[in-house]
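The values are calculated or read from the model by the stated rules, or taken from the named source; none is laboratory data. Since this is a predicted model, take the numbers as computed values, not measurements. For neighbour counting, all protein chains shown are included, and Cβ atoms are generated from backbone atoms with ideal geometry for every residue, glycine included. Note: areas computed on protein heavy atoms with side chains; ligands, DNA, RNA excluded. Shrake-Rupley method; radii C 1.70, N 1.55, O 1.52, S 1.80 Å.
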Amino acid sequence: MSLVHSSSFDLTKTYFMIAGIAGVNPKIATTGSVTFARYAVQVALQYEFDARDKPADFPIGYVPQGSFRPDEYPAELYGTEVFEVNDALRKLAVGFAKQATLNDTIAAQQYRANYKANTAFAAGSEGPSVVECDTATSDNFWSGTLLSEAFENTTSLFTNGTGVYCTTQQEDN
């Protein structure tokens, strides 16, 4: 609070970038990558069908609240589904990050080898990089192909086809 109340700083045009750790979608990036999201998408505001019980014509078991199908944009929004960062600031940060040498350990290389057999996960088998993509946030931890595909869909749907789901976290929305 002392920073906010200090007369030494003018915070009226100040941005704060928050760094943290996240899970990564191996279709887009890999362990040790640095990602910069344009959108933080709240993926939990949906109806969930158990994948074993979902309607046969639903490719995934998640339907946005206020919708009747997984591919239908919600009729009503809470207003907290998507947060968009200042893209010019993001691109500036990406430029600085691309000048860094990213750490790549033998253990990380061995872990990434698990993705080499599946061409859909080619990015997951490569070395760490700096990636511009988007983050999905929820109060629930998730793992697995079906849920990842559901949240790929949600990210794309809620951002009108412009968002690319690549990381997961719980604290940013």
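Kindly indicate whether G124 is outside any helix (DSSP H, G or I), open to solvent by less than 60 Å² (accessible area, probe 1.4 Å) and more than 19 Å from G20 (Cβ to Cβ).
Values: outside any helix (DSSP H, G or I): no; open to solvent by less than 60 Å² (accessible area, probe 1.4 Å): yes; more than 19 Å from G20 (Cβ to Cβ): yes.
Answer is no for this residue.
Return the pair list, or none, for Cβ contacts closer than 7 Å from residues in the range 102-123 that are free of Cβ contacts under 8 Å to residues at least 12 places away in the same chain and of a type in the set (D, E, K, R) to residues that are open to solvent by less than 60 Å² (accessible area, probe 1.4 Å) and assigned to a helix (DSSP H, G or I), at least 6 apart or on different chains.
The qualifying pairs are K116/S125.
Name the strands (runs of 3 or more DSSP E) wholly inside the range 23-86 in which the number of residues that are open to solvent by 30 Å² or more (accessible area, probe 1.4 Å) is 3 or more. Walk me through it before giving the result.
On the way: elements: 34-42, 46-48, 62-64, 82-84.
Strands (runs of 3 or more DSSP E) meeting the threshold: 34-42, 82-84.
If you go through the range 87-106 one residue at a time, how many are surrounded by fewer than 11 Cβ atoms within 10 Å (Cβ to Cβ) and under 16 Å from A29 (Cβ atoms)?
2
For the range 150-172, which positions are of a type in the set (S, T, N, Q) and either open to solvent by 60 Å² or more (accessible area, probe 1.4 Å) or touching a Lys or Arg at 6+ places or on another chain (Cβ under 9 Å) (or both)? Can you show your working first?
Within the range 150-172, the subset of a type in the set (S, T, N, Q) is 153-156, 159-160, 162, 167-170.
T159, N160, T162, Q170, listed by residue number.
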